[in-house]
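Okay, so here's the structure we're looking at.
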Amino acid sequence: MRATADLNNTLVSFIITGYQGFSSAAGYIGPNIRVDHDISLLIPEIWARLDEEDRDPVKLYEKDYLEKLEDFEYNGRIVEQSRLGYRITERFISAFLGKIFDNPAVVFDEKILKPEKQDMEIYIDGIDNIVEAQKHVAQQYLDDGSIEDACPPLKALLCIMATGEYNGKNIHDSAIRDLFDRDAMLASDWYKERLLAKQRIDIKLWKKHCKNLKKFLKLEGHEDLAESMDIRGRLKKAKARLAKVKAPDYLKALQGTIGADPL
């Protein structure tokens, strides 16, 4: 079975809710510093204590609490460091870890915050492994044709993971990044099609409910049971619900939901 529909649903839900993806290290940070799960247990604890505004990555970046990782040239080739996204800085450590550690800068020193300082060759090799793994996974969606089932932002992302570009644009192009904007998605034709798909599903569901309730009322010898279960009342409510989901303005009620995958 193709996983594209599940990926579509997940991505749409992330965009609608403004989900911010944060991750933490487990095992090692660089080749020389072993942290096991100390960091992966500590970071969620810190995030749980942050105010909602302080968890906003845009605000974190504006205050220099997050550093954007850029691609760079090394030994004549481009290292796609931007695949790692952003990372916390010394300012983040000073601002938010002081209540946990007497001297947080000693615990989270430069070799933890910037593991390339430990060994640049191994750091680059780690990035290459990430890029190659993403390429391998995304290429499978191109090979089996399920890329065509992907919603526009997912399709662009998979193509970039597999080939490095989509319609001549890379992941840094504003035209690509705008695909992941919440307002742009809500106004898009493909999102409206998801809402129409959800409406069709709901109409089919409530028609089925009405049909089953009518069928129950026609069963001989079950009159008392139908009365005790208020089947006529349930049928009346089901018909009202069916009329509601069939109404054109039902799509407005669905605005802001994930809808349903048209497939």
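The values are calculated or read from the model by the stated rules, or taken from the named source; none is laboratory data. Since the model is a prediction, treat every value here as computed from it, not as a measurement. With ideal geometry, Cβ positions are generated from the backbone for all residues, glycine too; neighbour counts draw on all protein chains shown.
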Report the residue count in segment 173-228 for those that are under 18 Å from I15 (Cα atoms) and surrounded by fewer than 13 Cβ atoms within 10 Å (Cβ to Cβ). 6
When you scan segment 192-211, do you find a residue that is aromatic (F, W, Y) and within 22 Å of Q255 (Cβ to Cβ), even just one? yes
Among the listed residues F92, F96, F101, identify the single one that is aromatic (F, W, Y), farther than 22 Å from I127 by Cα, without any contact (Cβ under 8 Å) to a residue 24 or more places away in the chain and in the same structural domain as E132 (by TED's automatic domain parsing). F101
Report, ordered by the first and then the second residue, all pairs with beta carbons closer than 7 Å, sequence separation of six or more or different chains, a first member in segment 104-115 that is loosely packed, with under 14 Cβ neighbours inside 10 Å, and a second member that is at pLDDT 90 or above. E110/K117
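Name the residue, out of A175, A240, A260, that is assigned to a helix (DSSP H, G or I) and out of contact with any strand residue (DSSP E or B) (no Cβ under 8 Å at 6 or more places or on another chain).
Of the residues listed, the single one that is assigned to a helix (DSSP H, G or I) and out of contact with any strand residue (DSSP E or B) (no Cβ under 8 Å at 6 or more places or on another chain) is A240.
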Within segment 11-34, how many residues turn out to be surrounded by 14 or more Cβ atoms within 10 Å (Cβ to Cβ) and either polar (S, T, N, Q) or within 14 Å of Q118 (Cβ to Cβ) (or both)? 7
Subset of segment 16-25 (residues that are touching a Leu at 6+ places or on another chain (Cβ under 9 Å) and at pLDDT below 90): S24
Matching residues, segment 80-97, being of a type in the set (D, E) and either loosely packed, with under 15 Cβ neighbours inside 10 Å or farther than 30 Å from L158 by Cα (or both): E90
How many residues, within segment 126-147, are loosely packed, with under 12 Cβ neighbours inside 10 Å and assigned to a helix (DSSP H, G or I)? 5
(1) over 17 Å from I29 (Cα atoms); (2) at pLDDT 95 or above; (3) charged (D, E, K, R): which one isn't true of D119, the others all being true? (1)
Selected residue [of a type in the set (F, W, Y), in contact (Cβ under 8 Å) with a residue 24 or more places away in the chain and in contact with a Ser or Thr (Cβ under 9 Å, 6 or more places away or on another chain)] from Y65, Y74, Y61: Y65
Taking first residues from segment 124-136 that are in the same structural domain as G164 (by TED's automatic domain parsing) and second residues anywhere that are not in a helix (DSSP H, G or I), the pairs with Cβ under 7 Å that are 6 or more apart or on different chains are I124/Y74; I124/V79; I127/V79; I127/E80; V131/E80
